[in-house]
Amino acid sequence: MAQALHEQAAEYIRGRIQSGEYPVGSQIPTENELCALLGVSRPTLRQALDTLAREGWLMRVKGRGTFVTEPKVAHESTRFVTGYRAESEKNHRTLRTRVLDLAVERAPEAAARELQLPAGAKVTRLVRLRHLEGYRNNAPVVYTTLYVPHKLFPDMAQLDFTDLSFYEVMAGRGLEVRHASRRLEVVPPPAEVAAQLEISPFEPTILITSTGLTGDGKRVEYTESYYPAGSSSFLIEVDR
């Protein structure tokens with residue numbers, strides 16, 4: 001099926017942005033110039049611009065014009081169980097990870113509850129900050145704290161998770177996460193999280209809490225992940 005004219009126009013402008021011809025922060029040609037260049041009517045062009053604005057490629061400023069912005073990162077953790085590294089590779093992104101903390105401690109209340117651990121049980125706590133190379137000057141895209149029952153993985157704190165995939169390591173130990181229960185909410189970030197994400201403490205974040213289970217229902221990980229709301233979107237698919 002042939003593309004509609006507004007889709008063709010959107011594809012042309014999107015291509016100019018991706019090639020760098022229209023760099024981030026620059027103003028694209030006027031509507032009159034684009035209409036003449038593309039041979040489309042103004043309503044058709046505006047439909048294309050609206051599409052690109054929804055996708056995050058453009059920002060239209062009344063009285064000034066239309067400017068190129070950097071699209072939000074589309075995260076797929078709301079669609080299926082996967083590690084962030086595998087998701088990044090699937091989307092041809094280069095992931096960089098910084099381990100901020102890795103230690104054994106007594107389980108905080110939320111972790112103990114979600115992992116169904118007795119009060120005072122030990123967990124291994126892994127805190128990581130993730131970047132996507134070249135995206136928004138390498139600004140962080142997610143701050144994640146992960147808890148694992150210490151008795152399930154007693155030597156976890158001895159490993160370097162800078163490049164290791166947590167899910168792959170767990171699968172190699174017969175603890176593959178096959179199901180995850182997740183909750184998404186918009187919250188103000190804790191001060192430490194805001195500082196690490198390089199955002200204002202007044203800027204909202206999207207908090208996703210997740211409990212991972214093996215195929216036989218064993219609870220093996222609880223995670224709290226903060227994403228900057230201004231640069232994050234999430235893909236959700238529902239079948240009937």
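The values are calculated or read from the model by the stated rules, or taken from the named source; none is laboratory data. Since the structure is predicted, the reported quantities are computational estimates derived from the model, not experimental observations. Glycine gets a Cβ as well: all are built from the backbone with ideal geometry, and neighbour counts include every protein chain shown. Heavy atoms of the whole protein, side chains included, go into the accessibility calculation; ligands, DNA and RNA do not. Shrake-Rupley method; radii C 1.70, N 1.55, O 1.52, S 1.80 Å.
Computed over the stretch 134-207, the P(r) curve from all C-alpha pair distances, binned at 10 Å from the origin, holds 14, 36, 33, 17, 0 percent per bin.
In whole percent, how big is the carbon plus sulfur part of the accessible area of the chain, probe 1.4 Å, protein atoms only? Before the final figure, lay out the partial values.
Details: 6410 of 13300 Å².
Carbon and sulfur: 48 percent of the exposed surface of the chain.
Taking label positions 7 Å along the Cα-Cβ direction at both residue 195 and residue 239, the computed distance is 4.6 nm, reported to one decimal.
Calculate the all-directions average of the projected area of the chain's alpha-carbon convex hull, and give it in nm². Don't skip to the end; give the middle numbers.
Working: hull surface 65.7 nm².
With every direction weighted equally, the projected area is 16.4 nm².
Peptides 175-185, 116-126 ranked from most to least packed, by the mean per-residue count of other Cβ atoms within 10 Å: 116-126, 175-185. In summary, no helical segment of the chain meets the span-like criteria, namely a full DSSP H run, a Cα extent along the axis of 30 angstrom or more and a mean Kyte-Doolittle hydropathy of at least -1.0.
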